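The values are calculated or read from the model by the stated rules, or taken from the named source; none is laboratory data. The structure displayed is predicted, hence computed values, not measured ones. Cβ coordinates were reconstructed from backbone atoms using ideal geometry, including for glycine residues, and neighbour counts include every protein chain displayed. What goes into the accessible areas is simple: the full protein's heavy atoms, side chains included, and nothing from ligands, DNA or RNA. Shrake-Rupley method; radii C 1.70, N 1.55, O 1.52, S 1.80 Å.
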Amino acid sequence: MVGVKSVPSPAISADDRSHEVDHPSSQLALFGTEQPLRLDCGVDLSPFQIAYQTYGELNADRSNAVLICHALTGDQHVANVHPVTGKPGWWETLVGPGRPLDPARYFIICSNVIGGCMGSTGPASINPATGKVWGLDFPVITIPDMVRAQAMLIDRLGIDTLFAVVGGSMGGMQVLQWTAAYPARVYSALAIACATRHSAQNIAFHELGRQAVMADPDWHNGGYADHGIHPHRGLAVARMAAHITYLSDAALHRKFGRRMQDRELPTFSFDADFQVESYLRYQGSSFVERFDANSYLYLTRAMDYFDIAADHGGVLAKAFAGIQTRFCVVSFTSDWLFPTSESRALVHALNASSARVSFAEIETDRGHDAFLLDVPEFFDISRAFLQSAGKARGLTDKDG
């Protein structure tokens, strides 16, 4: 058995949070000047690093590796205590003992994307050419760039073919890019609550968030690190606006309605009179403690640029022509950020390319964030798909 253990990530103090940017407590893969990452913008990024976590053990024939791709505000800490917030991993509903992705069966990998701020090279990292924080000097990155970096990490780990690539939202975009760019390296793909391109509405919401960040006087044209400050107010507003899109009207009504926050009557002020206001303010203030503002700009822009069909003459089916990967596409009825119609378009394209694909639309009022929550039907579908693919792949319980 070939074993690679995850590194424990105990919570750290607020004073040390910036340490995670360049010196993460997770595992780290370094790529020198002889191994540049060619970016879509035409820049060769080198040197660079990728921070990642692993769970479980790689079997003898290296056939049980699963790559998890994280969403916009996620990171590599899928199923361990987060080193900054001290909170549990962001996908412990899906990953863990007895879960659909059980480390006893699979070797699970998740890396912080290029452009992120939890140890992989991004705008918050130190530019080796200047000794200062990259800021807006960092080149603009794309979803394909993220996947190319992940492929270099998978190569470094000595893995030729991934048993599965799994992700939701921006993570789902990476899943689809993996299958389009490296079809022979992906045995199965679980794409959740995502699309093959960003809609005009989603681009508009992202632009709203970016403008909120850039309007903060503390942003300093992206050079806030040189001033020893952070545009917390702008980033908090961006997070608040984005968080609304992750929910549904029904979920907000059920959770908050028009209930007051610690009071019976309105204050006739601009304080957070309503519970939903207080909730959004908390989401904003807690987010800025763990995320970099410039990273938010770069990653939202990467999502906006994503369009698989555009790279294949505008015909989506051509992106998957002749592909042997097994697909499972999942959507949620109340997700208005990535509605079911987007998933159906993907499924139609896969059918047109004669790909093996299953599709599930799960009824829930929990909105886009349903893939991160306790939705039993989603777990059942994920488990069944992975077990079926594992049986076809020849995986057994002893492989974990």
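For the reader, a short list of remarks on this structure follows.
- Residue that is nearest to Phe205 (Cα to Cα), among those in region 302-326 that are open to solvent by 40 Å² or more (accessible area, probe 1.4 Å) and aliphatic (A, V, I, L, M): Ala310
- Residue within region 185-198 that is open to solvent by 50 Å² or more (accessible area, probe 1.4 Å) and in a helix (DSSP H, G or I) present: no
- Only one entry of Asp160, Asp145 meets the criterion of being among the charged types (D, E, K, R), farther than 30 Å from Asp374 by Cβ and assigned to a loop (DSSP other than H, G, I, E, B), and that entry is Asp160.
- Extreme residue, farthest from Ala104 (Cα to Cα), among residues of region 361-400 that are in a loop (DSSP other than H, G, I, E, B) and among the polar types (S, T, N, Q): Thr364
- Selection within region 245-301 - open to solvent by 70 Å² or more (accessible area, probe 1.4 Å), within 21 Å of Leu208 (Cα to Cα) and part of a helix (DSSP H, G or I): Asp249, Arg281, Tyr282, Arg301
- The set of residues in region 382-400 being within 21 Å of Gly89 (Cβ to Cβ) and open to solvent by less than 60 Å² (accessible area, probe 1.4 Å) consists of Ser382, Leu386, Gly400.
- Tally of residues being over 15 Å from the mean Cα position of the chain (by Cα) and part of a loop (DSSP other than H, G, I, E, B) across region 90-121: 12
Quick grid of which residues meet (1) open to solvent by 10 Å² or more (accessible area, probe 1.4 Å); (2) of a type outside the set (Val, Ile, Thr); (3) modelled with pLDDT of 95 or more:
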site	(1), (2), (3)
Thr93	yes, no, yes
Gly122	no, yes, yes
Val133	yes, no, yes
Asp137	yes, yes, yes
Leu162	no, yes, yes
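- Of all the listed residues (Ala319, Ala293, Ala349, Ala345), the sole one being in contact (Cβ under 8 Å) with a residue 60 or more places away in the chain and under 30 Å from Pro123 (Cα atoms) is Ala293.
- Taken over region 13-40, residues that are modelled with pLDDT under 95, more than 22 Å from the chain's Cα centre (by Cα) and part of a loop (DSSP other than H, G, I, E, B) amount to 1.
- The set of residues in region 139-149 that are surrounded by fewer than 22 Cβ atoms within 10 Å (Cβ to Cβ) and of a type in the set (D, E, K, R) contains only Arg148.
- Val347 open to solvent by 40 Å² or more (accessible area, probe 1.4 Å), more than 21 Å from the chain's Cα centre (by Cα) and either modelled with pLDDT under 95 or not acidic (Asp, Glu) (or both): no
- Residue match in region 224-233 (condition: more than 30 Å from Ala349 (Cβ to Cβ), surrounded by fewer than 16 Cβ atoms within 10 Å (Cβ to Cβ) and in contact (Cβ under 8 Å) with a residue 24 or more places away in the chain): yes
- Residue check: Val81 meets all listed conditions (1) open to solvent by less than 30 Å² (accessible area, probe 1.4 Å); (2) farther than 18 Å from Gly122 by Cα; (3) assigned to a loop (DSSP other than H, G, I, E, B); (4) modelled with pLDDT of 95 or more but one, namely (1).
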